[in-house]
Amino acid sequence: MSQIICRDLSLGYNGEAVCKNVNFEIEAGDYLCIVGENGSGKSTLMKALLGLHSPLGGEIIKGDGTSTGSIGYLPQQSELQRDFPATVGEVTLSGCIGSLGKKFFYSKADRLRAHDAMKQLGICDLADRPYSSLSGGQQQRTLLARALCATKKIILLDEPVSGLDPAATADMYETIYLLNKKSHTTVIMVTHDISASIRYANKILHMGGSPHFFRSVEEYRASSLFPAEGGEA
Amino acid sequence: MKLLDTLIEYFSYDFVIYAFVVGVLVSLCSALFGVVLVLKRFSFIGDGLSHVAFGAMAIAAVIGLTNNMLVVLPITVISAILLLRAGQSTRIKGDAAIAMISVGSLAVGYLLMSVFSTSANVSGDVCSTLFGSFSILTLSKTDLWVCLVMSVVVLALFVLFYNRIFSVTFDEGFSRAAGLNATVYNLLVAVVIAVIIVLAMSLVGSLLISALVIFPALSSMRVCKSFKGVVICSAIISVVCACVGIISSILLSTPVGPTVVCADIIAFGVCFVLGSIGKLSK
């Protein structure tokens with residue numbers, strides 16, 4: 001069943017298109033990697049999927065459970081956050097903000113959801129630790145737990161391994177892969193890392209060409225866009 | 001015992017009680033939103049606004065209003081919104097625009113006060129607007145009520161929107177994606193800060209307000225590592241410093257504003273040392 005369908009989408013700013021004719025379809029349980037050069041419109045597409053940017057043309061059709069506010073989002077970390085005084089528990093719980101609605105305070109169910117998310121990512125014992133004292137990998141896990149508080153159906157990750165050391169990178173990829181396989185969470189990942197994309201993803205969207213390449217990983221591997229020895233796009 | 005007697009004698013006067021209540025409320029409000037201001041890197045708004053408030057005060061004085069609040073509050077709130085827009089804009093030089101507004105209103109304010117002044121002691125008036133001096137001891141009952149109502153509103157806003165404020169402060173992008181209107185909350189913070197600055201003017205004067213907003217937040221961040229902890233600690237530090245400052249200014253006959261700020265500086269020093277010891281012992 002399709003969760004998100006993009007048809008003839010064109011995106012841009014002030015009437016000027018960054019990318020045109022973007023067509024793709026995401027089904028429940030997919031693992032989609034969005035790759036492409038800087039400026040090809042990856043982050044604009046991401047904003048559009050999150051409902052933060054209105055397309056110049058075309059449409060984004062959202063299926064079951066993916067309306068605005070119900071996509072778990074893992075943004076890139078800002079410098080501002082690295083020394084922010086907050087505990088892992090506080091950060092994770094703030095993922096429930098979208099379900100607050102007209103209420104002012106979190107319910108018991110919200111707290112339980114946050115606890116489950118931390119448990120799922122193995123950071124329960126870090127709950128009272130200050131976020132700023134964590135390693136890069138642990139910080140990303142916390143933000144991933146926060147994204148899972150918003151929804152378990154579909155998560156959108158913006159370069160989740162940037163700034164992580166090789167061990168933490170492998171660990172992060174493994175965690176995301178397990179989420180996709182075990183909990184059937186749909187994963188959309190914006191990344192530069194093509195070798196990891198073809199290892200874990202089942203679909204690839206390569207932005208920048210015309211038309212934009214959207215196929216399965218096998219077809220991508222056989223295409224001319226795929227660099228001979230893996231590596232960076 | 002002599003000190004205690006003096007204190008008891010002073011507290012039998014209504015105006016001292018008023019000053020004390022206003023001092024505690026203002027320091028409480030400024031400490032809570034100060035944390036947000038510091039973490040959002042909005043400190044510049046607090047500083048810019050305090051200068052604007054001085055200019056507005058001068059205009060109010062020239063017009064000769066009995067209640068300054070009617071002029072000062074709207075001007076400061078509107079400036080807060082403008083400063084917020086300017087600070088976030090990437091097209092024009094945002095920080096330069098803020099410097100322009102704040103230094104401009106300082107100049108215009110002093111000019112107005114010296115040209116149209118009705119009192120014989122212009123520099124005295126200017127000094128008391130800038131540094132507070134003894135103006136807190138001349139509060140009327142109306143001032144007290146205005147301050148009480150405003151403080152309760154500000155405190156209620158903070159408590160009710162605590163979770164949303166945290167989310168927007170920590171990660172605006174995520175909050176927007178979760179369907180929160182972050183612009184509204186930024187606006188809320190800017191407007192509330194404007195209100196706090198106007199309230200705090202009578203306590204510490206317009207130039208020293210930033211200290212009241214920033215010091216307790218920075219002090220508590222040295223010792224606390226959770227957001228809730230920082231907020232609570234900041235509130236306690238600020239209220240204690242305000243009380244200590246007001247009482248010592250009465251006993252030592254020093255100007256209230258600078259004395260309160262000195263108490264805040266000492267508190268920051270203590271927290272700095274405690275924080276460093278905490279880090280070393282780990």
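Within the stretch A:71-89, no residue satisfies the criterion of being in a helix (DSSP H, G or I), facing chain B (nearest Cβ under 7 Å) and surrounded by 24 or more Cβ atoms within 10 Å (Cβ to Cβ).
Every listed requirement among (1) surrounded by 15 or more Cβ atoms within 10 Å (Cβ to Cβ); (2) assigned to a helix (DSSP H, G or I) is met by A:K152 save one, (2). Taking the residues in the stretch A:96-113 that are touching a helix residue (DSSP H, G or I) at 6+ places or on another chain (Cβ under 8 Å) and more than 8 Å from every other protein chain (Cβ to nearest Cβ) as candidates, determine which candidate is surrounded by the fewest Cβ atoms within 10 Å (Cβ to Cβ). For the stretch A:96-113, the residue satisfying everything is A:R111. For A:I26, the conditions (1) within 27 Å of A:L164 (Cβ to Cβ); (2) surrounded by fewer than 16 Cβ atoms within 10 Å (Cβ to Cβ) are fulfilled apart from (2). With respect to being among the aromatic types (F, W, Y), surrounded by fewer than 24 Cβ atoms within 10 Å (Cβ to Cβ) and either farther than 20 Å from B:G48 by Cβ or under 17 Å from the mean Cα position of the chain (by Cα) (or both), B:F272 fits the description. Restricting A:L93, A:L49 to those that are under 17 Å from A:S2 (Cβ atoms) and either part of a helix (DSSP H, G or I) or more than 9 Å from chain B (Cβ to nearest Cβ) (or both) reduces the list to A:L49. On inspection, B:S219 does not qualify as without any contact (Cβ under 8 Å) to a residue 40 or more places away in the chain, in contact with an Asp or Glu (Cβ under 9 Å, 6 or more places away or on another chain) and among the hydroxyl-bearing types (S, T, Y). Condition first: within 22 Å of A:A28 (Cβ to Cβ) and either touching a Leu at 6+ places or on another chain (Cβ under 7 Å) or outside any helix (DSSP H, G or I) (or both). Can you find one or more residues in the stretch A:112-119 that meet it? Looking for residues that are within 22 Å of A:A28 (Cβ to Cβ) and either touching a Leu at 6+ places or on another chain (Cβ under 7 Å) or outside any helix (DSSP H, G or I) (or both), one finds at least one in the stretch A:112-119, hence yes.
The sole residue among A:R146, A:R141 that is in contact (Cβ under 8 Å) with a residue 40 or more places away in the chain, outside the structural domain of A:A28 (by TED's automatic domain parsing), closer than 27 Å to A:S94 by Cα and charged (D, E, K, R) is A:R146.
Across the stretch B:156-171, a minimum of one residue is classified as in contact with a Pro (Cβ under 7 Å, 6 or more places away or on another chain) and within 14 Å of chain A (Cβ to nearest Cβ).
Of all residues in the stretch B:159-201, those being closer than 24 Å to B:V52 by Cα and of a type outside the set (A, V, I, L, M) number 3. What about B:F15, is it in contact with an Asp or Glu (Cβ under 9 Å, 6 or more places away or on another chain) and at pLDDT below 85? Answer is no for this residue.
Rundown of residues vs (1) facing chain A (nearest Cβ under 8 Å); (2) not in a helix (DSSP H, G or I), yes/no style:
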residue	(1), (2)
B:F174	yes, no
B:G179	yes, yes
B:Y185	no, no
B:V189	no, no
B:I193	no, no
B:L199	no, no
B:S202	no, no
B:L208	no, no
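For the stretch A:160-173, the criterion of being in contact (Cβ under 8 Å) with a residue 60 or more places away in the chain, within 14 Å of chain B (Cβ to nearest Cβ), surrounded by fewer than 20 Cβ atoms within 10 Å (Cβ to Cβ) and under 29 Å from A:N202 (Cβ atoms) is met by none of the residues. Taking (1) out of contact with any Phe, Trp or Tyr (no Cβ under 6 Å at 6 or more places or on another chain); (2) aliphatic (A, V, I, L, M); (3) within 30 Å of A:P85 (Cβ to Cβ) in turn, A:M207 satisfies each apart from (3). For the stretch A:114-142, the candidate set comprises residues that are farther than 21 Å from B:K225 by Cα and under 18 Å from the mean Cα position of the chain (by Cα); within that set, the residue that is nearest to the other protein chains (Cβ to nearest Cβ) is A:A117.
None of B:V198, B:V230 is in contact (Cβ under 8 Å) with a residue 24 or more places away in the chain and either more than 21 Å from B:V21 (Cα to Cα) or over 12 Å from the mean Cα position of the chain (by Cα) (or both) except B:V230.
The values are calculated or read from the model by the stated rules, or taken from the named source; none is laboratory data. Computed from a predicted model, the values in this text were never measured in an experiment. Here the Cβ is made from the backbone with ideal geometry for all residues, glycine too, and neighbour counts use every protein chain on show.
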